[in-house]
Amino acid sequence: MNLDPKKTAVLSLDVQEGVLGFVPGAEGALPQAAGVVEAARKGGFFLAHVGVGFKPGYPEISPQHPRFSMIKERGVLLKGSDSARIHPSIYKQGDLVIYKHRVSAFAGNALNMILRAQGIQHLVLFGFATSGVVLSTLRQASDLDYLCTVVKDACFDRDEEVHRVLTEKVFAAQATVVTAKAFSTDLI
């Protein structure tokens, strides 16, 4: 894998304290996620953490939206709260954090504008859950003409079979799929 750090962004997706509560078992992918982030830092890649985050009172959530209404009911993922915090295994003070309001990393924020302003053409994606934010972000990124790489073992889904099918069959149509070790080894 030959990635240009000036044209490549590494995006962690929903690797947040509160999301771990919704995706039991995701902690198992944290060591691989941390390895990807460390390799990105060493390689000088643009790094951003994209997570779910809402304003007090949840004005961004429609009562007709069942998935996000549950977040409002539980009172979690408010910007600045512990549940919205990027997991400490990958976050360092000063890292860029971009909040979104729906499933895709591009939903309701300036992510695309920031990436374009930085000259980014290639995205390296990982996060929780594979069938949620990773799938939605990959689809939208591809439609926005980004080249993409998915780090499969730094992703997690509650349904192992769904994760397998997505990373082994579906994602290959729009991305290069690699392991965290392969990604890190190729960069260092």
Practice prompt. Could you work out how far the C-alpha centroid of the range 83-129 sits from that of the range 146-188, in angstrom?
Written response: 17
Worksheet item: For the chain, what's the relative contact order in percent, using C-alpha pairs closer than 8 Å and at least 6 residues apart?
Response: 29
Item to complete: For Lys79, list the lysines whose Cα falls under 18 Å from its own Cα; do not include residues on the same chain fewer than 8 positions away.
Response: Lys55, Lys92, Lys100
Worksheet, complete the sentence: Note to self, the chain gives a 222 nm [θ] from helices alone (DSSP H runs n ≥ 4, -39500 (n - 2.57) apiece, / all residues, nearest 500) of -8500 deg cm²/dmol
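Rule-based calculations on the coordinates, nothing more; no lab input. Note that the structure is predicted; figures quoted are calculated from it, not measured.
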